[in-house]
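The values are calculated or read from the model by the stated rules, or taken from the named source; none is laboratory data. Remember, predicted model here, so these are calculated numbers, not experimental data. For neighbour counting, all protein chains shown are included, and Cβ atoms are generated from backbone atoms with ideal geometry for every residue, glycine included. Heavy atoms of the whole protein, side chains included, go into the accessibility calculation; ligands, DNA and RNA do not. Shrake-Rupley method; radii C 1.70, N 1.55, O 1.52, S 1.80 Å.
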Amino acid sequence: MKILLDTNIIIHREANKIYKPEIGQLFKWIDNLKYSKYIHPLTVEELERYKDPNALDAMSIKIESYNLLKHQAPLGEKILTVSKNIDNQANDINDTQILNEVYEGRVDILISEDKKIHTKAKLLGIADKVYKIESFLEKVTSENPELVDYKVLAVKKVDFAEVDIKDSFFNSFRGDYLEFNDWFNGKAEEPCYVCYSDGNLTAFLFVKMENESENYSNISPIFEPKRRLKIGTLKVTGNGYKIGERFLKTIFDNAIQFKVKEIYVTLFSKRPEQEQLIEMLEEWGFIYHGIKTTKNGEEKVYIRPFSKEIPVNLEKPKSILLK
């Protein structure tokens, strides 16, 4: 099987700094399944525009390990129409050319994190051949259960004190919240939910019940008094094991237990993994409410009504593809 890797995937894989921890899982699965890794000539052109000469030299050597598509498929009338309606930058047009290779059947699958590519794939009727990293991991783990060690899937409820605060998993939180370490240590006796994969922390969840007297003066528009469940801390790194879905079930279980009327979360949207988390929440019924102003900056606020009158389908609706 031929797997075409979009430019953003190559950058995630070969950059000196790790932006997406699940990239290692992606390449491990591709190699284990003996799929062929391809890149497009336009990807090579884009990588050659690196300003740092040292990074350029290193990247040039690394991309030699991929198969290069020798010929570009011509753009047909339908994909040109889609491109005209959506593309507004030079990079968008390049992405359309890359997408065209799977549309014309010259490769079997395209893996990309670009939102516009996925939008165009849906319009072209080839969404089943274009994957994000995590949706691809979900696909291969479900299709090849004999290659998965399901012992790593357990979500555990532990106290904060049982979790290593120095774990690099929390570096992104430390970057966003100056007081994170003090806050974490102050929760030592409180419960949280964790998941480990191969001994590495891959998911963390903390929820908090708030009553009608909670102060929401820093949220705009301001909340009306109501029993709420706050998703205080949530991070899930990709591994294809549907941990995001398991954690959403844990959140809903807590909402039922505490008999809340609403669930909410505040979070930044500075990095791809945060945007990905927002997408997951939206797919499960969370909607944008407004802004929370803090000393660390402005966070987005998402809410989800929750009551007996609003059923929760935990069987993954057909319209939902959890990452």
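For K62, the solvent-accessible surface with a 1.4 Å probe is about 70 Å², rounded to the nearest 10.
Rounded to the nearest percent, how much of the accessible area of region 201-274 (1.4 Å probe, protein heavy atoms only) is carbon and sulfur? Solvent-exposed carbon and sulfur of region 201-274 make up 49 percent of the total. Net length available on complete extension from K139 to S307 is 57.2 nm, with 0.36 nm assigned per residue and the Cα-Cα distance removed.
Report note on the peptides 78-87, 132-141: ranked by the mean count of other C-beta atoms within 10 Å, highest first, their order is 132-141, 78-87. Entry comment: accessible area of region 122-232 is 53 Å² per residue, from protein heavy atoms only and a probe of 1.4 Å. The count of lysine pairs in region 210-278 whose Cα atoms are under 22 Å apart, excluding pairs fewer than 8 places apart on the same chain, comes to 12. Checked against a 24 Å cut-off, the cross-linked pairs K139/K166; K62/K132; K84/K115; K37/K120 give Cα-Cα distances beyond that limit for K139/K166.
Computed with a 1.4 Å probe over protein heavy atoms only, the accessible surface of region 251-301 comes to 46 Å² per residue.
Using the Cβ-Cβ distance between K78 and K208 with R0 = 56 Å, the FRET efficiency computed as 1/(1 + (r/R0)^6) comes to roughly 0.65. 3J(HN,Hα) couplings calculated from phi for region 250-262 with the Karplus curve 6.51 cos²θ - 1.76 cosθ + 1.60 (θ = phi - 60°) are, in sequence order, 4, 4, 5, 4, 5, 5, 5, 4, 8, 6, 8, 9, 7 Hz; Gly and Pro show x. When peptides 277-283, 163-169 are sorted by average Cβ neighbour count within 10 Å, with the highest value leading, the order is 277-283, 163-169. Quarter the surface of the alpha carbon convex hull of region 185-231 and you get the mean projected area, 4.8 square nanometres.
Accessible area of R13 (1.4 Å probe, protein heavy atoms only, ligands and nucleic acids ignored): about 100 Å².
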